[in-house]
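Novice: First, the structure itself, so that you have it in front of you.
The values are calculated or read from the model by the stated rules, or taken from the named source; none is laboratory data. Given the structure is predicted, the values throughout are model-derived calculations rather than measurements. Because the Cβ atoms are built from the backbone with ideal geometry, glycine has one as well, and the counts that use them run over all protein chains shown.
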Amino acid sequence: MIGMENAIKIKELLARFPRYSEDLDIDLSKPSGRFRWFLASILYGARISEKIASNTYKAFEKAGLDSPEKIIRAGWDELVRILDSGGYVRYDFSTATKLLNIMTDLKERYGSLEELYGQSSDVHDLERRLQEFKGIGPVTMQIFLRELRGVWNLDLEVSSNARMAARLLDINLDEFKGDDLSRIETALVKLFIRCCKKKRSHDCPLKNFCKKSGNQK
């Protein structure tokens, strides 16, 4: 059981940094939501800002492209147009090609994302199958799976960014699992990207709990 100070710290962390899927209003309890999050994860996985990735996902949602079949039917030119409208200009051509390849491969090999998961013998097999898609590497895979810990009951390695932020806040991640760990890990990743990595401890919302800031309570 976590202590009172840690409980306050974690409550503040989660209030400040909800999951990316929550930012996008994606319901992970539904297969359709899990596919939408898969699409969003592919967009977040590039070397591009969170804001552009989020805007581009919303452009796909507005266009009604929320299934492998719809993305395939849209075709390359339409995908490039949608990517550009979201600000994904730097990677528009390559990402359009990547999305078409992934969705076609997903349909031909598994039929659906849920079937891919169902055919996986364990989390390592699931990770392997996901990374067999051309264009999905460790970063995209981690983004996608960490928010599904409590949905697909996954025992994943916690990302290095989350562990670094956890050390600064003196949070023992071994005390958490499932959905709780999913929420905390994603919050720590956001904190690391937005504050720790940019060395912006002066305006970090968790600075009063951070070992590095010198403002610990």
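Novice: Out of the residues in region 1-16 that are touching a residue at least 12 places away in the same chain (Cβ under 8 Å) and assigned to a helix (DSSP H, G or I), which is surrounded by the fewest Cβ atoms within 10 Å (Cβ to Cβ)?
Specialist: Taking the candidates together, the pick is Glu5.
Novice: Filter region 174-201 for residues that are surrounded by fewer than 20 Cβ atoms within 10 Å (Cβ to Cβ), under 18 Å from the mean Cα position of the chain (by Cα) and assigned to a helix (DSSP H, G or I) and give the result.
Specialist: Hits for region 174-201 are Gly178, Asp179, Asp180, Ile193, Arg194.
Novice: Got a sec? Which of Asp84, Asp105, Asp92, Asp125 is part of a helix (DSSP H, G or I) and over 28 Å from Ile52 (Cβ atoms)?
Specialist: Selected residue: Asp125, the only one of Asp84, Asp105, Asp92, Asp125 that is part of a helix (DSSP H, G or I) and over 28 Å from Ile52 (Cβ atoms).
Novice: Next question, about the same structure. Going residue by residue through region 153-160, is there one that turns out to be loosely packed, with under 14 Cβ neighbours inside 10 Å, closer than 26 Å to Ser29 by Cβ, modelled with pLDDT under 90 and over 14 Å from the mean Cα position of the chain (by Cα)?
Specialist: Taking every residue of region 153-160 in turn, at least one turns out to be loosely packed, with under 14 Cβ neighbours inside 10 Å, closer than 26 Å to Ser29 by Cβ, modelled with pLDDT under 90 and over 14 Å from the mean Cα position of the chain (by Cα).
Novice: Right, another one. Taking Ser112 as the residue in question, decide whether it is in contact (Cβ under 8 Å) with a residue 24 or more places away in the chain, touching a Ser or Thr at 6+ places or on another chain (Cβ under 6 Å) and polar (S, T, N, Q).
Specialist: no
Novice: Which of the numbered conditions does Lys134 fail, given that it passes all the others? Conditions: (1) in contact with a Lys or Arg (Cβ under 8 Å, 6 or more places away or on another chain); (2) crowded, with 19+ Cβ neighbours inside 10 Å; (3) not β-branched (Val, Ile, Thr).
Specialist: Every listed condition holds for Lys134 apart from (2).
Novice: When region 153-193 is examined, which residues are found to be touching a residue at least 60 places away in the same chain (Cβ under 8 Å) and over 19 Å from Phe209 (Cα atoms)?
Specialist: The one that is touching a residue at least 60 places away in the same chain (Cβ under 8 Å) and over 19 Å from Phe209 (Cα atoms): Ser182.
Novice: I'd like the full set of residues that are of a type in the set (A, V, I, L, M) and in contact (Cβ under 8 Å) with a residue 40 or more places away in the chain, limited to region 118-140.
Specialist: Of everything in region 118-140, those that are of a type in the set (A, V, I, L, M) and in contact (Cβ under 8 Å) with a residue 40 or more places away in the chain turn out to be Ile136, Val139.
Novice: With at pLDDT 95 or above and touching a Lys or Arg at 6+ places or on another chain (Cβ under 7 Å) as the only criterion, which of Asp77, Asp25, Asp66, Asp84 stands out?
Specialist: Asp66
Novice: Within region 69-109, how many residues turn out to be small (Gly, Ala, Ser), surrounded by 17 or more Cβ atoms within 10 Å (Cβ to Cβ) and free of Cβ contacts under 8 Å to residues at least 24 places away in the same chain? First the steps, then the outcome.
Specialist: Within region 69-109, the subset small (Gly, Ala, Ser) is 74-75, 85-87, 94, 96.
Then drop every residue that is not surrounded by 17 or more Cβ atoms within 10 Å (Cβ to Cβ), which leaves 74, 85-87, 96.
After this cut, where a residue has to be free of Cβ contacts under 8 Å to residues at least 24 places away in the same chain as well, the list is 74, 96.
Going through region 69-109 one residue at a time, the tally reaches 2.
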